[in-house]
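Inspection log for the structure reproduced underneath, given as structure tokens.
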Amino acid sequence: ATKNDHGSSAGAGGGGGASSDTVKIMVGGMSKVIYMPAALTQQLGYFKDQGVKVQLIDTPAGVTAETSLIAGKAQGVVGFYDHTIDMQAKGKCLESVVQFANVPGEVEMVSSKQAGTIKSAKDMKGKKLGVTSQGSSTDFLTQYFTGKAGISTKQYTTVKAGADATFIASMKSGGIDAGMTTDPTVARLTKTGEGKVLFDMRTEAGTKKALGGLYPASSLYMSCDYVKKNPQQVQKVANAFVKTLKWINSHSAQQISDKMPSDYKGSDPALYVQALKGSKGIFNTTGLMDAAGAKNALNVLGSFSPAVKPKKDQIDISKTYTTEFAKKATS
Amino acid sequence: MSHDTLTADAGAMNGAIPTPAERKHDPRAQLRKHKALVYSLRAFVLVGVLAIWEISVNLWFDPFFYSKPSLIWKQLSTWFTDGTAQGSIWAQISITLQEAVIGFAIGAIAGVLLGILLGRARLLAEVLSPYIQAANAVPRIVLAALFIIWFGLGMSSKIATATVLVFFPVFFNAFQGAREVDRNLINNARILGASRLQVLRSIVVPSATSWILASLHTAFGFALIGAIVGEYTGATQGIGLLISTAQASFNSAGIYAGMLISTVLALIAELVLGYLERRLLKWRPPSQSESVAV
Amino acid sequence: MSHDTLTADAGAMNGAIPTPAERKHDPRAQLRKHKALVYSLRAFVLVGVLAIWEISVNLWFDPFFYSKPSLIWKQLSTWFTDGTAQGSIWAQISITLQEAVIGFAIGAIAGVLLGILLGRARLLAEVLSPYIQAANAVPRIVLAALFIIWFGLGMSSKIATATVLVFFPVFFNAFQGAREVDRNLINNARILGASRLQVLRSIVVPSATSWILASLHTAFGFALIGAIVGEYTGATQGIGLLISTAQASFNSAGIYAGMLISTVLALIAELVLGYLERRLLKWRPPSQSESVAV
Amino acid sequence: MSHLVELSHATKRFVKAGGGIHTAAADITMTVDAGEFVAVVGPTGCGKSTTLSLVSGLEPPSDGVVRVNDLPVQGIPDGVGYMFQADAMLPWRNVLANVAAGPMWRGMSKSDAHAKAMDWITRVGLAGFEKSYMHQLSGGMRKRVALAQTLVNEPKILLMDEPFSALDVQTRALMQNELLELWSGTGTAVIFVTHDLEEAIVLADRVVVMTASPARIKDDFRINLPRPRNVEELRMTPEFIETYSKIWQSLSSEVATARAEGASRVA
Amino acid sequence: MSHLVELSHATKRFVKAGGGIHTAAADITMTVDAGEFVAVVGPTGCGKSTTLSLVSGLEPPSDGVVRVNDLPVQGIPDGVGYMFQADAMLPWRNVLANVAAGPMWRGMSKSDAHAKAMDWITRVGLAGFEKSYMHQLSGGMRKRVALAQTLVNEPKILLMDEPFSALDVQTRALMQNELLELWSGTGTAVIFVTHDLEEAIVLADRVVVMTASPARIKDDFRINLPRPRNVEELRMTPEFIETYSKIWQSLSSEVATARAEGASRVA
Ligand SMILES: Nc1ncnc2c1ncn2[C@@H]1O[C@H](COP(=O)(O)OP(=O)(O)OP(=O)(O)O)[C@@H](O)[C@H]1O
Ligand SMILES: Nc1ncnc2c1ncn2[C@@H]1O[C@H](COP(=O)(O)OP(=O)(O)OP(=O)(O)O)[C@@H](O)[C@H]1O
Ligand SMILES: O=[N+]([O-])[O-]
Ligand SMILES: [Mg+2]
Ligand SMILES: [Mg+2]
């Protein structure tokens, strides 16, 4: 593996890895169900089949993944598509190469104690709403659906509740009244009855209800520069991922679970299967971007992200994704 | 009276005209001169580092990652004039400071008490030390998450993180300080009638003071880190959250600005500690370089 | 020869029959007895804590959040027999240990050198100390993220995090230790002909040894934390990643098991350090409670 | 046969550097009664300080028994005062606070303790230095602080390890006279280690001579000079000179042994 | 008029506890030539140690000049040896390593330094203790280690601050004889602080008497006793007794002054 010396990061295009035959892909939480294709492809051996060396690097913070990519320390990221829009606003070119899902896979959960009072976005006034982090996609999505209901960010409290156990504990103890999270946290809260689903953005219908359109999220994105310089390499990776997407579609949650390392299933494998069941539907089979969805994502970010808002009109959405590789992979 | 014990002030008041030699050796003038030198060198270092940073980022590096002083300054002035997304910057500072101060107090007191206790009680120390050693190796970042689960998202989880970070360095220094006490002093005190408790209070604690103070120098910084790591893991307010928000929105100037605020807080705490140290250790012989020749 | 300088062994070899009084006061037997006591008390504490944990979780708490010893044990045996998602557990341990050891070495050496240097160079200390103090208040968790940008995703960013965590406590103790040196000893050495460097090597460093060792007791724990925090921030291997995976999959037993492995590593390091300490400080008068009466 | 202090077959061994065993005091049997002033002399390094530490309870004997007030010594016996050979004052307290420490630890009020301490500071000639810290005093001044610190407690058993060795001749004579005055009639037992035979004879009821290492009791001379004694005058009397030469003979052969040993150990 | 050591109007002031200024030595003017043995006596706390520290270069004078080898003292002058009043041995080194430290710091090889150190350890009567650490030695033994440590360097200017005060009479006499033997003919200048007037007269070419605090030079007596001197024999000669009483008069009035001051300072 090549290590870039940090002084050369002006060439933030990520071309640093070009000479290397290992593709480093950062994953914003390997055991998160929405990023499951990463680990699953590895488990299925599809990278090897394609003759490409891929190293998956786990990081719980999507932002670390993206920063590493821009700094040229990695060649790809499995994470939220909307970061590519954000980065264009900041003058960096990233593009989604394989789009795993056209819905966020996020769920707005309401604590069961509040389930009686919070029935729609309008009821969020004065509540404590959990997000993974201020400034993150979950924060923007929350601002969007509350904004649509006429509630400004000043009218509720945004709480950084993290994901996982801290989220669950916070919901249980009343630290948050509602909050946005993914599987398996959703599955756990539903199973114990500590939380109820308010907006299910794991389905197209639920996403449209909450956001008025699709919102492509889980994806493999890379720096435009790297993609341009290494088309064969990128194609191999895309082939592997698309193959995995198809595999997901043709197998049951239980079968998928059986393929995954036991560590990802934690102490309750049944819960993991439950989570897969809940979220499996978000993945498409082609790896292709839904163009309208991409526009909607720009719309959401353009309303709330301090970085995107002022540049909303200059942003060329077509530069934030490519369907070239996914198309070839499917054919 | 052959004892020449005028204070310098009394001499001046008596209208005594200082001889040239006396004037040359006026310790206060020397002290002033030395202080001026130190402060100007400090300013020089600061300006130098900032200038190198600004220039090198302008010439070679990507401000996206490394930011630069002028951007950080802009970020700070935005925060201080327009406030932050979470409200007034002063509110954030006050929250983080409260968490750090409370965590510092609890951690330091517990560290000193337990350190001195174990330092003097050999069997207890032998039995417990592997466990304390082990506890010290628990990653605080994981603890911060556990504390949120145990204590909730409020201040208490951050205080707990700060406490834990402060406790260990203080404990280990107090422990060692208590063990290093000159045996002669203890023997003498016991002979003079000091009870075990009095030996502890009058001999062991003062002997360990410089050890404890040395650890406190690092400890407030740790308390701040604890509070920030706690906020970073989950919170509604505080500097840690500011940093995390800046990180999430790729605002490197914000990250550095947040860290800067935290370091300024640490420096202010250090001033207070330095004052305390000078008061507590005034009995100490001046080190060769410090002694003021008259 | 009225000097009664038989070693105990020589006495035995000469076939001298120990008098009852001698046998009663056999220092080695006493030592053995004391060690047995210590070890059994340690075991007692361990078993007690584990039992209370297990029972109270069974009765009152939610094992989802608090886990319990039996589950942790199960997790550990899975890891050690079936391996982890990232490969063999030994590989994880070895990676984390390498990062910690290298970070520890760099941080400790830098801390000792700079601490002693600044401890003896007063002006330098006065000029730089506010900056060092400030640097100490930078949250390591934020640094870990920065280090990934600076040093990449490999081991070096974790080593850097470990180094930074180790550096400060060692630095501050070495600094204080260098300042605490008995002035008489330095004067005597200078009179006897020691150069500045020789004074540093022969007087200052040995004098500061107990200070430095005290800080090293905490430092290896910090090195492990640094490595783990680094891995936690982004990695392909290591104990930190194990913990982070366990966290993300609600496996609280996994979190505790990961922490347990890290603490065991710290304890092993402590054994090594303890051995080192006894060797380096063998000149020291035994403390009252330790001295072996013959 | 109740003695205030009684050592019987007391022995003290240390583990030496290198693991060997060094016997610092061997089979010491001696008694001191209330009101008795016993001086101990012996070659340097023979074990005098070690013997005092046995009586003080700071070190347990390796063998034999040490009794104070008819009870085997365990911990520090009541009423013991011990002026160490080495400095042991608290560096972070000034002279006044150091001298007042004992009475305050024993429950006296601060103002009483300070008044009493000030009295003693004056007696040892350090008035005006009560606010000084230890590092600001000369060697002799520190010794006098230690003396005041010990005496302010009015001990019933007074152990003194070369208390006057750092003082100039006249200060020393003054201190000796002061000590005799204070002691006379109080019933205090004094064990006084010195390497100055003159001082031993001038002060003591008995002079105990110790052998070269390991210390054993070699001789025990009773000094029959009349009290109250004036130190300056006594020195010229024929009784004094006779006693001196008797004890000197006993002592000097020990010192010679000690020297010879030192030499033979290398050979 | 080239003297090896020359103090002219040297004064040393300290900042006292509480901020006042204490003059420890005032206007000291004296010279010492190569090969001269000067003893310094004076009341305790008058400023004798302070004067030595000026000559050693460890403390700069507050006023006046100190010259060694005709150069104003800055830092430690070449060829100075200084045996401190207080312990200053390295506790983490054993006796041998402590004594060998000086030669090794000055560039001697380890084996040579150890051989030379061992020779000196034997001369001071500590053979057999070379592996011991400081805390394992008696007070007198520690003093002898310090003596060996200083002499092993063969200094040209030897400053000694009460070197023999912790030794028993006979060891002391032995050490005195040894010192004289070593010194004679070497051209070494010795400044020897002692509170024992007998010792001063027996050893020195000149006895300097200092006043009560702050130390000034009060008298400077030349001792015209023939050399080589035998310490034991000399003590009984009429010349000795005459000299003793002359110096004693000078000294005792100072000691009395010091005492009176101590008393007056409280009133
Ligand atoms: N802690 C110790 N460990 C080993 N040996 C020791 C220890 N303490 C004392 N000794 C040895 O015991 C012997 C007697 O020591 P002690 O201090 O009692 O002598 P002393 O008669 O008081 O001598 P001085 O007149 O020089 O003070 C010495 O040889 C010394 O080396
Ligand atoms: N660092 C200091 N600060 C303040 N005062 C000091 C300091 N060092 C010495 N003194 C004072 O200077 C005076 C002279 O001290 P010095 O040690 O020179 O006396 P000395 O003649 O050697 O006495 P002794 O015979 O008792 O050793 C004393 O009154 C002492 O209190
Ligand atoms: O976990 N930290 O010590 O920053
Ligand atoms: Mg002794
Ligand atoms: Mg002196």
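The values are calculated or read from the model by the stated rules, or taken from the named source; none is laboratory data. As the structure is a computational prediction, the values presented were derived from the model and not from experiment. Please note: Cβ atoms are built from the backbone with ideal geometry, for glycine as well, and neighbour counts cover all protein chains shown. In case anyone asks, the SASA skips ligands and DNA or RNA and just uses the protein heavy atoms, side chains included. Shrake-Rupley method; radii C 1.70, N 1.55, O 1.52, S 1.80 Å.
Some observations on this one:
- Just one of (1) at pLDDT 90 or above; (2) in a loop (DSSP other than H, G, I, E, B); (3) under 27 Å from residue C:245 (Cα atoms) fails for residue A:255. It is (2).
- Flag for residue C:276 being assigned to a helix (DSSP H, G or I) and either crowded, with 24+ Cβ neighbours inside 10 Å or outside the structural domain of residue C:91 (by TED's automatic domain parsing) (or both): no
- Residue list for the stretch D:163-194, filter: within 16 Å of ligand 1 (Cβ to nearest atom) and modelled with pLDDT of 85 or more: D:163, D:164, D:191, D:192, D:193, D:194
- Any chance residue B:105 is of a type in the set (A, V, I, L, M) and open to solvent by 10 Å² or more (accessible area, probe 1.4 Å): yes
- In the stretch B:111-127, residue surrounded by the fewest Cβ atoms within 10 Å (Cβ to Cβ) [restricted to those that are away from every other protein chain (no Cβ under 12 Å) and over 21 Å from residue C:37 (Cβ atoms)]: B:113
- The stretch D:135-150 - residue that is of a type in the set (A, V, I, L, M, F, W, C) and in contact with a helix residue (DSSP H, G or I) (Cβ under 6 Å, 6 or more places away or on another chain) and, of those, nearest to ligand 2 (Cβ to nearest atom): D:145
- Just so you know, in the stretch E:216-230 the residues that are over 14 Å from residue E:250 (Cβ atoms) and either open to solvent by 30 Å² or more (accessible area, probe 1.4 Å) or within 14 Å of another protein chain (Cβ to nearest Cβ) (or both) include one that is modelled with the highest pLDDT, and it is E:224.
- Candidates E:107, E:102, E:128 - the one that is in contact with a helix residue (DSSP H, G or I) (Cβ under 8 Å, 6 or more places away or on another chain) and outside any helix (DSSP H, G or I): E:128
- Residue in the stretch C:190-207 that is in contact with a strand residue (DSSP E or B) (Cβ under 8 Å, 6 or more places away or on another chain) and within 11 Å of chain A (Cβ to nearest Cβ) present: no
- The stretch E:130-162, residues that are open to solvent by 20 Å² or more (accessible area, probe 1.4 Å) and either within 9 Å of ligand 1 (Cβ to nearest atom) or among the charged types (D, E, K, R) (or both): E:130, E:131, E:133, E:135, E:136, E:138, E:142, E:143, E:154, E:156
- Candidates A:209, A:236: the one that is at pLDDT below 90, part of a helix (DSSP H, G or I), farther than 30 Å from residue B:232 by Cβ and open to solvent by 10 Å² or more (accessible area, probe 1.4 Å) is A:209.
- Odd one out for residue B:136 among (1) open to solvent by less than 40 Å² (accessible area, probe 1.4 Å); (2) more than 9 Å from chain C (Cβ to nearest Cβ): (2)
- At least 1 residues being within 14 Å of chain E (Cβ to nearest Cβ) is the threshold, and among the strands (runs of 3 or more DSSP E) wholly inside the stretch D:1-68 those reaching it are D:5-15, D:21-32, D:37-41.
- Those residues of the stretch E:163-175 which are open to solvent by less than 10 Å² (accessible area, probe 1.4 Å) and more than 16 Å from ligand 2 (Cβ to nearest atom), in sequence order: E:167, E:168, E:171, E:175
- Hits in the stretch D:180-195 - residues which are open to solvent by 10 Å² or more (accessible area, probe 1.4 Å) and within 14 Å of the chain's Cα centre (by Cα): D:180, D:183, D:188, D:195
- Considering E:241, E:157, the condition of being within 14 Å of chain D (Cβ to nearest Cβ) and among the aliphatic types (A, V, I, L, M) is satisfied by E:241 alone.
- Qualifying residue in the stretch E:176-186 (condition: at the interface with another protein chain (Cβ under 8 Å from one of its Cβ atoms) and more than 17 Å from residue E:93 (Cβ to Cβ)): no
- Filter result for residue B:162 (open to solvent by less than 40 Å² (accessible area, probe 1.4 Å), more than 24 Å from the chain's Cα centre (by Cα) and in the same structural domain as residue B:237 (by TED's automatic domain parsing)): no
- Of the listed requirements (1) within 11 Å of another protein chain (Cβ to nearest Cβ); (2) away from ligand 1 (no atom under 16 Å from the Cβ); (3) more than 16 Å from the chain's Cα centre (by Cα), residue E:198 misses just one: (3).
- Pairs meeting the criteria (first residue in the stretch D:218-238 and in a helix (DSSP H, G or I), second residue of a type in the set (S, T, N, Q), beta carbons under 6 Å, at least 6 apart or on different chains) are D:231/D:176; D:231/D:177.
- Residue D:73 touching a strand residue (DSSP E or B) at 6+ places or on another chain (Cβ under 7 Å) and more than 13 Å from ligand 4 (Cβ to nearest atom): yes
- Looking across the stretch C:62-92, the residues that are among the hydrophobic types (A, V, I, L, M, F, W, C) and away from chain A (no Cβ under 12 Å) come down to C:73, C:76, C:80, C:90, C:91.
- Taken as a whole, the condition of being open to solvent by 40 Å² or more (accessible area, probe 1.4 Å) and either modelled with pLDDT of 85 or more or more than 12 Å from chain C (Cβ to nearest Cβ) (or both) does not apply to residue B:265.
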